[in-house]
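Below: the structure, in structure tokens.
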Amino acid sequence: MPNKLITLAAARLRAGGVVAFPTETVYGLGADARNEDAVRRVFDLKERPADHPLIVHLAEASQVDSWASEIPQTARRLMARFWPGPLTLVLPARDDVPRVVTGGQDSVALRTPNHPMAQALLREFGGGGLAAPSANRFGRVSPTETWHVRSVFGIQVDQILDGGPCRFGLESTIVSLLEERPRVLRPGALPLSALRAELGMDGIEYDPSSGSATPSTPRVPGALAAHYAPATPLEIHAIEALPARATTLLDQGLRIAVLRRNRNLRGLGLPPSLPQYLLPARVENYARSLYARLRELDRFAFDCVLIEAPPDDETWWAVNDRLARAAHGQPRRGRA
């Protein structure tokens with residue numbers, strides 16, 4: 001890791017610039033979270049609504065006191081166990097936290113990333129935090145490799161730090177600590193099982209069927225019904241339903257492809273000429289590959305991509321959440 005690139009990036013951030021950098025989840029588009037003009041530039045680049053808050057990235061947990069007005073013991077417990085890592089905590093914001101960062105809310109989302117380049121950048125930047133949403137256009141597929149960022153923003157950003165492919169490939173898990181009981185607002189790279197192991201089965205609230213959009217729920221990144229969407233329309237189907245749906249679309253003269261897990265589909269009756277693309281069978285590898293594969297398929301300009309529905313269990317919680325939002329408004333038939 002060339003130190004001069006980190007030094008240059010930190011200097012640009014202190015001067016009000018915008019720098020894309022890797023985390024263990026996805027690439028972020030970072031700006032000095034205390035510089036309102038720099039943060040607004042991030043919103044402009046992403047074409048992001050002003051009421052959609054950003055996550056502030058910190059070098060270490062000790063900096064949380066500069067951003068949160070109250071830090072319950074449960075929050076400190078989660079920080080001690082999972083930071084640095086793919087966990088974002090929503091806490092009451094101090095009065096001096098710029099409301100451009102929080103989307104006008106009185107709460108702030110904080111995390112400490114676990115990527116050596118992100119850590120080096122945050123430490124070189126100094127004692128503040130970096131407001132860093134995913135480095136993509138609002139609502140689109142998050143970037144997990146440098147070329148994903150470059151293909152969208154080019155020279156619009158001041159610098160892009162190359163840290164290689166992201167380890168997890170899905171965004172952080174977001175947990176609200178604004179109420180007595182911690183609540184998952186966005187499933188992500190940190191599994192629900194890990195949170196339950198730390199807090200107990202009844203120590204964390206998560207209901208995937210209820211969604212997160214209620215008047216009492218803080219707005220958080222990635223919680224809109226339609227999000228993480230590629231340019232190509234997606235449909236999610238149980239594996240048994242793929243042949244019939246593929247035939248229907250082909251009969252309409254559409255160019256389609258199938259995205260499936262690495263398994264044998266012989267005997268299902270899929271047209272032999274139908275393009276098929278693979279994702280790994282294991283959830284960790286599937287999640288790591290998903291966004292990159294969706295971006296690759298966009299380059300072929302298919303009319304529709306049919307996705308084999310992943311298993312419907314907690315180990316696939318974040319993957320199913322992302323696919324449901326990416327395919328929002330499209331048919332979904334059956335679950336594996």
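Every number in this text was worked out from the coordinates using simple rules, so none of it is lab data. Fair warning: this is a prediction, and the values are worked out from it, not measured in the lab. Because the Cβ atoms are built from the backbone with ideal geometry, glycine has one as well, and the counts that use them run over all protein chains shown.
For segment 3-199, the calculated P(r), taken from all Cα-Cα distances in 5 Å bins from zero up to the bin holding the longest distance, is 1, 8, 18, 22, 22, 16, 8, 3, 1, 0 percent. Multiplying each eigenvalue of the alpha-carbon gyration tensor of segment 28-114 by 5 and taking the square root yields semi-axes of 22, 14, 10 Å, largest first, rounded to whole angstroms. For Asn114, the residues 5 or more places off, or on other chains, whose built amide H falls under 5 Å of its own are Glu24, Gly85. Over the chain, DSSP H runs of length four or greater, each weighted -39,500 (n - 2.57), average out per residue to a 222 nm ellipticity of -8500 deg cm²/dmol. Simple point charges give the picture: +1 on the Cβ of Lys and Arg, -1 on the Cβ of Asp and Glu, and for the chain a dipole about the Cα centre of about 800 debye. If the chain linking Ser151 and Arg181 were pulled fully straight, counting 0.36 nm for each residue of separation and taking away their Cα-Cα distance, it would gain 6.7 nm. Stretching Ser66 away from His328 to a fully extended chain increases their span by 90.5 nm, per 0.36 nm per residue minus the current alpha-carbon distance. Between Arg255 and Asp162, the simple label model (points 7 Å from Cα in the Cβ direction) yields a spacing of 3.0 nm. Counted over all Cα-Cα pairs of segment 234-333, pairs farther apart than 25 Å make up 12 percent. Positive end of the dipole of segment 3-199 (Cβ unit charges, origin at the Cα centre): among Thr102, Ala33, Val149, the Cα lying farthest that way belongs to Val149.
Under a 5 Å amide H cut-off, with hydrogens placed 1.01 Å from N, Ala229 pairs with Arg140, Val141 among residues at least 5 apart or on other chains. Only Cα pairs under 8 Å and 6+ residues apart enter the sum, and on that basis the relative contact order of segment 1-152 stands at 35 percent.
Using the Cβ atoms and a cut-off under 14 Å, what net charge is assigned to the surroundings of Arg295, where Lys and Arg are +1 and Asp and Glu are -1? Taking every Cβ under 14 Å from that of Arg295, the sum is +4. Here segment 3-199 is assigned +1 on the Cβ of each Lys and Arg and -1 on the Cβ of each Asp and Glu. Its dipole about the Cα centre then comes out at about 360 debye.
Springs between alpha-carbon pairs under 10 angstrom, Gaussian network model over the chain: which of Ile155, Ile256, Ile71 fluctuates most? Largest GNM mean-square fluctuation: Ile155. Across Leu91, Leu185, Leu294, mean-square fluctuation computed from a Gaussian network of the chain (C-alpha pairs under 10 Å connected) peaks at Leu294. Over all Cα atoms in segment 98-150, the spread is summed up by Rg and Dmax: 13.2, 36 Å.
With K and R counted +1 and D and E -1, the other residues having a Cβ less than 14 Å from that of Leu185 yield a net charge of +1. Of all DSSP bridge pairs formed entirely within segment 1-127, close to 75 percent run antiparallel. Which residue, Phe138, Phe82, Phe300, tops the fluctuation ranking in a GNM of the chain built on C-alpha contacts under 10 Å? Among Phe138, Phe82, Phe300, the largest mean-square fluctuation in the Gaussian network model of the chain belongs to Phe300.
Relative to the current alpha-carbon distance between Asp44 and Asp96, full extension at 0.36 nm per residue lengthens the span by 16.4 nm.
Pairs of alpha-carbon atoms within less than 8 angstrom and 6+ residues apart define the contacts here; what relative contact order does the chain have, in percent? So the answer I get is 19 percent.
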